[in-house]
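In what follows, a single structure is set out as structure tokens and then discussed.
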Amino acid sequence: MNNPSTSSPAANSAPSQPTDVVIVGAGIVGLAHAAHAVANGLTVTIIERDHHAAGASVRNFGHCCITAQSGELYELAQTSRKYWLEFSERAGFWASEAGAVVLARTEAEMNVLRELSAVREPGQVELLSPAQTRARLGAAVSAADEAHNDDTHPGAWPGLVGGAFLRDDLRVDPRTTVALLAQWLSRQPGVELHWNTAALGFDQDSDGVTVQTSRGKLRAKQVFVCVGHDVDYLFPELAEEHRIQRCALQMSLAAKPSGVEFAPAVLTATSMLRYPAFTDMPAAAALHSEVLEKQPELLEIGANVMFTQRPDGTIILGDSHHYHSTADPFLDESVTETLNTEITGRMGQPLEIIQRWQGIYASSDVAPILIREIHPGVTVVSVTSGVGMTLSFGLAHRNVSQL
Ligand SMILES: Cc1cc2nc3c(=O)[nH]c(=O)nc-3n(C[C@H](O)[C@H](O)[C@H](O)COP(=O)(O)OP(=O)(O)OC[C@H]3O[C@@H](n4cnc5c(N)ncnc54)[C@H](O)[C@@H]3O)c2cc1C
């Protein structure tokens, strides 16, 4: 991955010239705040502890899950969608209005989709027949449908009963987006980006904020601390109060299978047990009972069985959810096997797994987003519900607009 060329880190021990905004953390949440600050004509200094961003923002599916949010998150997600597309144009990273397809193979699954479709504006959640689902996904699912209906899979699940197309969802490439956005930001007037520079502490006075970093001090009128799941390193009491945990997810990358090309993200039944617009539906309770009865192993690993295809054709597969204060570094092969067997079953063909990794995001059962002004001028921002890609630009727009 190419790193942006940036100015040298601030190796000063005395406070430098103040900037309007200091951003701590160059993941998508921090960079989205930087992008909106730049768009508002503010000067911005970004500091990132690592030599390039390697956190949750590069380890995910690149699925902006707009449609399946509800309430405040839905409003933020729709604002985010607008700015994902705008900054993709400006910064030159790939973002596609490809939507998402939810596969349904039982009536209980289809009922959730029917209910959501009925409460949304026409066309936003488009119910699909099996043939229409195959038309949206090509070989990624038609093979699966046939395989599940033939005699070689006794006891297998039935083939598709249908699906739904979620029109407003976006696709981005998690492996390139953050680096390209950081590169673009570093070229904008009034922006400094310092890698390998960690925030250590914050002191507020009547003129602004001093940020203590591993390379000296920075001065700013406003600081956004966007450190994802590492809030507890800087603010342990806040992390405890918000009950932030590290949610660890197991992921795989498959080589591009010959002839398989699909644009939308692909979601399945367990996705409908996770995202709020689905879980808000009355039919979600029956779906939960069905999955519990037929595939309890998926619930045991907190599965959200889904997959996306990157622009180079490789396929991202996942995911499981395990919650810890400090995440265990050891991947459990049986978890990966459960997820990948489920997905290859849907695709009806084996996949060549070429990478496995663990992703970690901040999770809280208190609220889906943490925004807290720790001192005047120092605001902690962390998405604590696993949809930080989806919400990033909307959340940043709201926070920066309030300056
Ligand atoms: C496997 C996986 C799949 C996911 N799938 C999706 C999805 O499909 N759609 C979706 O919307 N969301 C998804 N998410 C969630 C999403 O990726 C995260 O919510 C989002 O990336 C969080 O962004 P962030 O910038 O807050 O955190 P991060 O990307 O983790 O960035 C935080 C940055 O802060 C830096 N940092 C930490 N401490 C300091 C410090 N003291 N000083 C300086 N820098 C510091 C870190 O090095 C890091 O680069 C997924 C997450 C995972 C792990």
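The values are calculated or read from the model by the stated rules, or taken from the named source; none is laboratory data. Not measured: the values here are computed from a predicted model. All Cβ positions, glycine included, derive from the backbone under ideal geometry; neighbour counts span all protein chains shown.
Here are the numbers for the structure shown:
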item: Of all residues in the stretch 197-222 being more than 9 Å from the ligand (Cβ to nearest atom) and touching a His at 6+ places or on another chain (Cβ under 9 Å), the one that is modelled with the lowest pLDDT; result: Q204
item: Tabulated pairs, the stretch 353-380, first farther than 19 Å from A248 by Cβ, second part of a strand (DSSP E or B) and among the basic types (K, R), C-beta under 9 angstrom, 6+ apart or interchain; result: G377/K221; T379/R372; V380/R372
item: Residue within the stretch 357-379 that is touching a Leu at 6+ places or on another chain (Cβ under 6 Å), away from the ligand (no atom under 15 Å from the Cβ) and modelled with pLDDT of 95 or more present; result: no
item: Test: residue in the stretch 352-369 that is farther than 17 Å from F61 by Cα, within 21 Å of the chain's Cα centre (by Cα) and of a type in the set (K, R); result: no
item: Criterion: under 27 Å from L267 (Cα atoms) and among the β-branched types (V, I, T) - qualifying residue of T45, T79; result: T79
item: Test for Q78: is it at negative phi, at pLDDT 95 or above and not in a helix (DSSP H, G or I); result: no
item: Test: residue in the stretch 36-44 that is within 10 Å of the ligand (Cβ to nearest atom) and surrounded by 24 or more Cβ atoms within 10 Å (Cβ to Cβ); result: no
item: Helices (runs of 4 or more DSSP H) contained in the stretch 223-272 and holding at least 2 residues polar (S, T, N, Q), at pLDDT 95 or above and crowded, with 20+ Cβ neighbours inside 10 Å; result: 269-272
